[in-house]
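Quick notes on the structure that follows.
The values are calculated or read from the model by the stated rules, or taken from the named source; none is laboratory data. This one's a predicted model, so the numbers in the text were calculated from it and none came from an experiment. Cβ sites come from the backbone with ideal geometry, for glycine too, and all protein chains shown count toward neighbours. Keep in mind that these areas ignore ligands, DNA and RNA; they rest on the heavy atoms of the full protein, side chains included. Shrake-Rupley method; radii C 1.70, N 1.55, O 1.52, S 1.80 Å.
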Amino acid sequence: MGARMSGHARVGLLGWLWRLCVVLFAWLLGVTAWIVWVGERDQAAKADAIIVLGAAAYDAKPSPVFEERIRHGLDLYEQGYAPLLIFTGGYGGTAARFSESQVARRYALKQGVPDKAILIETASRTTRQNLIEARRLMEQRNLHRVIIVSDPLHMARALRLARELGIDALASSTPSTRFRSFHTSWKFLVQEIYFFHRDMFPA
């Protein structure tokens, strides 16, 4: 009798563990689908400014990922969606000559964007800090609605953080991305799923 009850208990425990795994898998699948869906939408519309989120820069040259973001921001600017560009991103290290935003500004100036149409901040190191510093510039200029530019898989987190910070933001992901291969896309997606859950419990 005791052995039979022990067997039922094991079956019951395995059943609950199986259900938990199914729920966890469904949750992660839903988060993944949401990240991909947000990244695929383009909400670009008239706004006060375009915020280009920072990424790595190599001295005075933007990384391929950052260059894609800068180019898309310039495309939106040239199409007349907003009269101002806000480039974000601080110094990548103590030896860096230029901040990420300064690299982006130099790039934009070479493309003929007037200096008066560019705002930068040089203090941020994370996505949240990018947006906090961008909000500070918005408040100084009395700007309200912005378009956020980033990579498709990064956009869901960026948009969520913007709304948490009270920024009226539209999303416009880069139409192309340097995370093209399955290997790099998968790693970036896993990273964004991790950050999605981490941001639910900010320190």
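Does segment 9-28 include one or more residues that are at pLDDT below 95, surrounded by fewer than 20 Cβ atoms within 10 Å (Cβ to Cβ) and within 18 Å of the chain's Cα centre (by Cα)?
No, segment 9-28 has no match at all.
Say we look at segment 66-119 and pick out the residues that are open to solvent by 30 Å² or more (accessible area, probe 1.4 Å) and among the hydrophobic types (A, V, I, L, M, F, W, C); which of these is farthest from Met138 (Cα to Cα)?
Ala95
Suppose we filter segment 38-61 for residues that are assigned to a loop (DSSP other than H, G, I, E, B), under 14 Å from the mean Cα position of the chain (by Cα) and surrounded by fewer than 24 Cβ atoms within 10 Å (Cβ to Cβ); how many remain?
Count: 2.
State which residue is farthest from Ala156 (Cα to Cα) when the search covers only segment 130-145 and only residues that are surrounded by fewer than 17 Cβ atoms within 10 Å (Cβ to Cβ) and in contact (Cβ under 8 Å) with a residue 24 or more places away in the chain.
Result: Arg141.
Only residues in segment 67-90 that are at positive phi count as the first member; pair them with residues that are among the hydroxyl-bearing types (Ser, Thr, Tyr), Cβ under 9 angstrom, at least 6 apart or cross-chain, and list the lot.
What qualifies is Gly89/Ser99; Gly89/Ser101; Gly89/Thr122; Gly89/Ser124.
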